[in-house]
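The values are calculated or read from the model by the stated rules, or taken from the named source; none is laboratory data. Everything numeric here is computed off the predicted structure, so don't read it as measured data. So basically every Cβ, Gly included, is an ideal-geometry build from the backbone, and we count neighbours across all protein chains shown. When the accessible area is computed, the model is the full protein with side chains, heavy atoms only, and any ligands, DNA or RNA have been set aside. Shrake-Rupley method; radii C 1.70, N 1.55, O 1.52, S 1.80 Å.
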Amino acid sequence: MPKLPTANSGGRALSLVKAAHTVVWAFFAACIVAIPIASVLGAHSVAAWLAAVVLVEVAVLALNDMRCPLTAVAARYTVDRRPNFDIFLPEWLARHNKVVFGTLYVAGVVFALARWLRLPS
């Protein structure tokens with residue numbers, strides 16, 4: 001039977017994984033927030049690319065049972081399984097991350113698409 005890590009083992013490795021996960025999360029969160037901003041600024045191709053980049057991340061999550069692959073890496077270094085054990089986010093945000101940012105993503109894409117479709121031909 002594999003030995004589970006203790007609360008104190010792998011602290012540095014866990015911190016590095018959490019930091020990497022937080023940077024990746026911030027990148028995708030910024031992309032989601034930037035979609036409607038790019039649209040308002042008339043940069044519809046930028047909005048489309050941002051939406052496509054986030055869609056790739058959605059595909060990665062979908063192929064991984066709706067979990068970030070870094071969650072499995074972090075799990076090697078701790079027995080903690082709170083919603084934010086693998087990322088430097090407040091627990092409430094980690095718990096509701098997919099709902100909050102999924103809603104913002106869909107709303108931003110719908111907004112950008114509506115603005116693009118209203119462009120004069």
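Contact map, segment 24-46: first residue under 15 Å from Val109 (Cβ atoms), second residue open to solvent by 50 Å² or more (accessible area, probe 1.4 Å) and among the basic types (Lys, Arg), Cβ cut-off under 9 Å, separation 6 or more or different chains; pairs are Pro36/Arg115; Ser39/Arg115; Val40/Arg115; His44/Arg115.
Listed by position, the helices (runs of 4 or more DSSP H) inside segment 30-121 whose residues that are among the aromatic types (Phe, Trp, Tyr) and touching a Pro at 6+ places or on another chain (Cβ under 9 Å) number at least 1 are 91-117. From the list Arg82, Arg118, Arg76, which one is modelled with pLDDT under 95 and more than 11 Å from the chain's Cα centre (by Cα)? It is Arg118. Scanning segment 101-121 for residues that are open to solvent by less than 90 Å² (accessible area, probe 1.4 Å) and in contact with a helix residue (DSSP H, G or I) (Cβ under 7 Å, 6 or more places away or on another chain) gives Phe101, Leu104, Tyr105, Gly108, Val109, Phe111, Ala112, Arg115.
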